[in-house]
2 protein chains.
Amino acid sequence: MPLTTYVSLQSTFGQDIGGTQNRKLIGEIYSRSLKYLSKSRHEPLRSLIPKKTYFAFRRGNKLSRAVNKSLFVADVSEWKKFDAALTNRSLSKLGPERVTKIIYSVAISFCCFIDLTKDRDQKTPGTFFEYLISHLFAFWLGVKPTTRIQVLNLDMETWLPTDYIFNLGHNRPKFHLPIKLSTRERIIQVFAHQRVIDGVFGTERFLGTPVILAETKTAAKKREVTEICVPDQCRIYQLRMAQLKRLYYLDVPATYVKLNDVFPPIVVKSFGHFFFEAVTLSA
Amino acid sequence: MPLTTYVSLQSTFGQDIGGTQNRKLIGEIYSRSLKYLSKSRHEPLRSLIPKKTYFAFRRGNKLSRAVNKSLFVADVSEWKKFDAALTNRSLSKLGPERVTKIIYSVAISFCCFIDLTKDRDQKTPGTFFEYLISHLFAFWLGVKPTTRIQVLNLDMETWLPTDYIFNLGHNRPKFHLPIKLSTRERIIQVFAHQRVIDGVFGTERFLGTPVILAETKTAAKKREVTEICVPDQCRIYQLRMAQLKRLYYLDVPATYVKLNDVFPPIVVKSFGHFFFEAVTLSA
């Protein structure tokens, strides 16, 4: 079962966050989640989002969260190709969209497995998603993340707990990486943390690049899928609070795509692009 | 049952937020909640907070949230005295601590009633608490609140949804009043909203005066009560994000009291003080 492998991942994850052992365990969790899900029924959902189709897995009276049909790949060989290309740093033969799909599939398949086997467990899927994304970041950038930064100010000395921070070293920027299954109206927190970090260390020392799975919500009775987005508020936050460098999604919300085209622009992309632009971002 | 009265309050609340009809219904909800709770057993909890004693109500296998023993008053005549003194604006004979106790008791008794009769319903207690506090503010200040403000900026025009805003009129400040059962590590949101409002309208045009019930958390199995507080982070937010004018609590967390004595100070008080200093604050 995926949970046994997840427990192994939990116990060893911190030892070498970007290490190959973690990637091996993540691949095993994906493969075992798929095996479990292959015995579950697909139940179509009514998508209220234009051009997106969603379904859920059903097991007895339990229904999983919504899965984006065009992003979901139930194929372990895709993961293996991604794993190999990542190791050889030859992702260009896959391209950003195929990379996004495989990472989305790894994340959502374990989330759905938990949805079908546990009661209201939000913590395990969230932690797994943090492991997945922070591992990929740590491997790709070749640095270990930290999750707090020291704040010094005259007679005040304290530690600020943060999301993941990747420090590329002297004279290079640092990444500030909130990792969330969804943010909804809580997206203000991402901007607020960026604001504090900018205030303490100066603007652009930390690049804010949150990675979020999706903003979907399923109305249980009606089986309707919507996206909870606050694009107007994001514009105000980008203008008034702090500037995010990227807003990465695995399943990019329809209304947030438009943030690329307004002023102030917020660059919203599918997460697969990260691997292709990381060098430029951190130059 | 309190719920019937709550439904009436819900349907008429918006018509005259500071009106006497709302206060009458709130009193009825308190009295009916007490009646229900009087048939429930008190179960002592292990308080890990120095000098504070907590208990919970039990009904069958359901346990309510934690109740602060020294703040809880199960006495409708106290509410009646408060109601009369509020109407005559003669609260000084009661004093801030007695006022805090009665408001705490009204809030927590309905919360506990819901805990014992519903499954994981967080929305109803939260909404009732918003009704209670916004009614008291609206009555005391003599103005109706709004919950959004217009943001104009060159070619950009949008509405920012906010917590309660009380506009005292020309040449007088406005109150920005988040009302929450608890904030825990989400307290950053309160500072973040204040930051946006300060940015749009200028510093000190809106006084940030959040009203929060408590920061307690009960570990279900161990029956232990703790307070989830982030005092160091609050200091950083007060320094870097925005300045709150007051942090009002019904059950003031032990570690937040100390914020009064550090730099930058955050003035943390029990909510009863609001009625005695509202004139000074808004002068």
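Each value in this text was obtained by applying a stated rule to the coordinates, not by laboratory testing. These numbers were taken from a predicted model, which means no experiment stands behind them. Cβ atoms come from the backbone with ideal geometry, glycine included; neighbour counts cover every protein chain shown.
Observations, loosely collected:
- Kirkwood Rh and Cα Rg combined as Rg/Rh, the range B:218-283: 1.06
- Using the Cβ-Cβ distance between B:GLN15 and B:ARG41 with R0 = 25 Å, the FRET efficiency computed as 1/(1 + (r/R0)^6) comes to roughly 0.05.
- Enclosing the Cα atoms of the range A:92-152 in their convex hull gives a volume equal to 117 cubic angstrom per residue.
- Convex hull of Cα atoms in the range B:1-73, direction-averaged projection (nm²): 6.3 nm²
- Sequence of B:ASP155, A:ASP232, A:ASP115 once ranked by neighbouring C-beta atoms within 10 Å, starting from the fewest: B:ASP155, A:ASP232, A:ASP115
- Listed by chain and number, the lysines whose C-alpha is less than 20 Å from the C-alpha of B:LYS80, apart from same-chain residues fewer than 8 away, are B:LYS24, B:LYS35, B:LYS93, B:LYS101.
- Percentage, to the nearest whole number, of Cα pairs in the protein assembly as shown over 29 Å apart: 60 percent
- Phi-based couplings in Hz for the range B:151-156 (Karplus 6.51, -1.76, 1.60; Gly and Pro marked x): 10, 10, 7, 6, 7, 10
- Once the C-beta distance of B:ARG58 and A:THR146 is scaled by a Förster radius of 56 Å, the resulting FRET efficiency is 0.80 to the nearest 0.05.
- Ordered from longest to shortest, the equivalent ellipsoid semi-axes for chain A are 30, 23, 18 Å, each the square root of 5 times a Cα gyration tensor eigenvalue.
- Taking amide H as placed 1.01 Å from N in the peptide plane, the amide H of A:TYR54 sits under 5 Å from that of A:LEU45, A:SER47, A:LYS69, each at least 5 places away or on another chain.
- Long-range HN-HN contacts of B:VAL73 with modeled amide H, under 5 Å: B:SER105
- A:ARG205 versus B:ARG186: modelled label distance in nm, points set 7 Å from Cα along the beta carbon direction: 3.1 nm
- Proximal lysine pairs, the range B:142-281, alpha carbons under 22 Å, eight or more residues apart or interchain: 14
- Diffusion constant of the range B:142-281 at 20 °C, which comes from Stokes-Einstein with the Kirkwood Cα-pair radius and 1.002 mPa s, µm²/s: 134 µm²/s
- Residues in the range B:1-31 reached by a label modelled at B:SER282 [backbone nitrogen below 15 Å; 7 Å Cα→Cβ]: B:17-19
- Each residue of the range B:112-126 was assigned a 3J(HN,Hα) from its phi angle through the Karplus curve 6.51 cos²θ - 1.76 cosθ + 1.60 (θ = phi - 60°); the sequence is 5, 4, 5, 4, 7, 10, 10, 9, 6, 8, 9, 6, 4, x, x Hz, with glycine and proline shown as x.
- Using the Cβ-Cβ distance between A:LYS123 and B:THR87 with R0 set to 30 Å, the FRET efficiency works out to roughly 0.05.
- Calculated SAXS-style log₁₀ I(q)/I(0) at q = 0.13, 0.14, 0.17, 0.19 Å⁻¹ - the range B:1-142, Debye, Cα scatterers: -0.57, -0.66, -0.95, -1.16
- Taking the number of Cβ atoms within 10 Å of each Cβ as an exposure proxy, the fewest-first ranking of A:PHE128, A:PHE110 is A:PHE128, A:PHE110.
- Under Karplus coefficients 6.51, -1.76 and 1.60, residue-wise ³J(HN,Hα) of the range A:136-142 in Hz, glycine/proline x: 4, 4, 5, 5, 5, 8, x
- Copy-to-copy label separations for B:GLY95, where each label sits 7 Å from Cα toward Cβ, in nm and ascending: 7.6
- Nearest beta carbon of chain A to the A-to-B rotation axis, with distance in whole angstrom: A:ALA192, 2.
- In summary, the convex hull built on the alpha carbon positions of the range B:169-245 has an orientation-averaged projected area of 5.7 nm².
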